[in-house]
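Colleague: Got a structure for you, questions after.
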Amino acid sequence: MRIVSVVGTRPQLIKAAALSPALRARHEEILVDTGQHYDDAMAGSFFRELGLAQPDHALGAGGGSHAEQTAAMLRGLEPILTDRQPDVVLVYGDTNSTLAGALVASKLGLPVAHVEAGLRSFDRRMPEEINRVVADHLSRWLFAPTPTAVDNLRAEGIQDGVVLVGDLMQDLAARVGREVVDAGALRDVRLRLAESSEGIDLEPGAYLFATVHRAENREPDALRAWTALLRRVASPERPVILAIHPGTRLALERAGIRLAPDVRLVEPQGYRTSLTLQMHASAVLTDSGGVQREAAWLGVPCLILRDTTEWVEAVADSGGRMVVVGLDADKAIDALARLSPRDRASELARERTRAFDLAPAGAADAIVAALEREA
Ligand code: UD1
Ligand code: UDP
């Protein structure tokens, strides 16, 4: 089979790293990077760290408005797909790169495979919700990560081509999680403050790890709300380490918002460092889809800085360790007091790492097998 995989953002590079070796073991994969993410810390460094093949085509379509970047991707993809005539066009997740890949391929009559199909927040104000609904309705293969995703598709009348394969990111988290479970991995992380390059030393359980990048959390009111929330949960004994997405950093600068001194801003980190920082944190605060699930797999308390989540099983199965707090600081403080009281945080972090035992989901093999059955 000849497969064109379309990637472009950080989480798509991570997902491709989990699937690409299984595809390439028996098939031809052509990798197209739309360039939606373009900073080295958001894109190039992941190719190197995760051993992903260099893209066969790089579209350089990052930046600009949604229409501008999606249009650049559509224009860039059409001649490549026309020329290569793949058996499958594979798209991941719910970004503008996903939308562009699915749209161009289906207009050319090429079958689309969607990895992470069927997720819904039921909130059409989110750009991701629009992207995933369109991609799902155009796809021939819909690789669902969870039973809820299968149900969501059925509710929209989609049953043909739906395969429950599990979560591709779990395959990678299981492998790398084992490598960073020892506290030595945390000592080896060389973190530096984004502004001054001053080094930061971390002890297990003695910090909170945070990421924020959703479009809704870049609006001025939301920026004020979550920075205030972080200010309230941070303390000198337990600072917040905020690995800042460049788009969020720009939004904070534009709004003239400064972070509290115990909220320590660091550049976007590599994948292994991100998992290490989550693994040994007292708790994780995030609006990221990927980080939510990783925190769940690592067993770390996780406060979700959104009003909804697509990962309902992760929350339901967490035994109360994952809490949808939105931007409500009181809720966040209550959840932290219950899940990770400061005086027991180091002990809890150590107990957790001793208990870490994550199995791979087997999603990569299930996807390749499903494609081979029906291509
Ligand atoms: C995108 C996805 C989102 C996904 C996220 C993963 C869409 C609509 N959104 O959001 O679903 O969760 O990626 O991280 O596709 N920027 C840089 N350097 C970069 C990348 C971005 O400076 O390497 C800045 C630019 O100012 C850019 C802004 O971030 O305009 C937003 O980037 P964009 O790719 O449009 O969306 P994300 O917020 O990254
Ligand atoms: N991640 C990373 N470095 C960071 C923050 C996140 O490597 O500084 C990883 C994280 O571990 C997860 C993925 O990026 O594997 C999630 O991507 P992101 O939050 O950008 O997007 P989302 O999952 O919300 O679409």
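Nothing in this text is a laboratory measurement; each read-out follows from the coordinates by a stated rule. As the structure is a computational prediction, the values presented were derived from the model and not from experiment. Don't worry about glycine lacking a Cβ; one is built from the backbone with ideal geometry, like all the others, and counts go over all protein chains shown.
Colleague: Using 0.36 nm per residue of separation minus the Cα-Cα distance, give me the extension gain between R26 and D357 in nm, one decimal.
Modeller: Working it through step by step, the gained length comes to 116.2 nm.
Colleague: Each residue of region 104-110 in order: what ³J(HN,Hα) in whole Hz does its phi give by Karplus 6.51 cos²θ - 1.76 cosθ + 1.60, θ = phi - 60°, with x for Gly and Pro?
Modeller: Here the 3J(HN,Hα) series is 4, 4, 5, 5, 8, x, 9 Hz.
Colleague: Classify region 97-179 as rounded, prolate or oblate from the Cα gyration tensor: take a ≥ b ≥ c as the square roots of its eigenvalues, call it rounded if a/c is under 1.5, otherwise prolate when a/b beats b/c and oblate if not.
Modeller: Here region 97-179 falls in the prolate category.
Colleague: Also, I was wondering about something else. Considering amide H positions built from the backbone, and no H for Pro or chain starts, which residues 5 or more places from A194, or on another chain, come under 5 Å of its amide H?
Modeller: L265, V266, E267
Colleague: Further question on the same structure: Arrange H137, H245, H57 by Cβ neighbour counts within 10 Å, fewest through most, would you?
Modeller: So the residues, fewest neighbours to most, are H137, H57, H245.
Colleague: A further question on this structure: Could you go through region 126-143 in sequence order and give the Karplus-derived ³J(HN,Hα) for each residue, using 6.51 cos²θ - 1.76 cosθ + 1.60 with θ = phi - 60°, rounded to whole Hz, and x for Gly and Pro?
Modeller: My calculation for region 126-143 gives 7, x, 5, 5, 5, 4, 6, 4, 5, 4, 4, 6, 9, 8, 8, 10, 10, 8 Hz in order.
Colleague: Averaging over every viewing direction, what projected area does the convex hull of the Cα atoms of region 39-156 cover, in nm²?
Modeller: 8.1
Colleague: Still on this structure, please answer the following. What are the semi-axes of the equivalent ellipsoid for the chain, taken as the square roots of 5 times the Cα gyration tensor eigenvalues, largest first, in whole Å?
Modeller: Semi-axes, largest first: 34, 22, 20 Å.
Colleague: Mind listing the long-range amide H neighbours of A61? Cut-off is under 5 Å, sequence gap 5 or more, other chains count too, H placed in the peptide plane at 1.01 Å from N.
Modeller: HN-HN under 5 Å from A61: G35, Q36.
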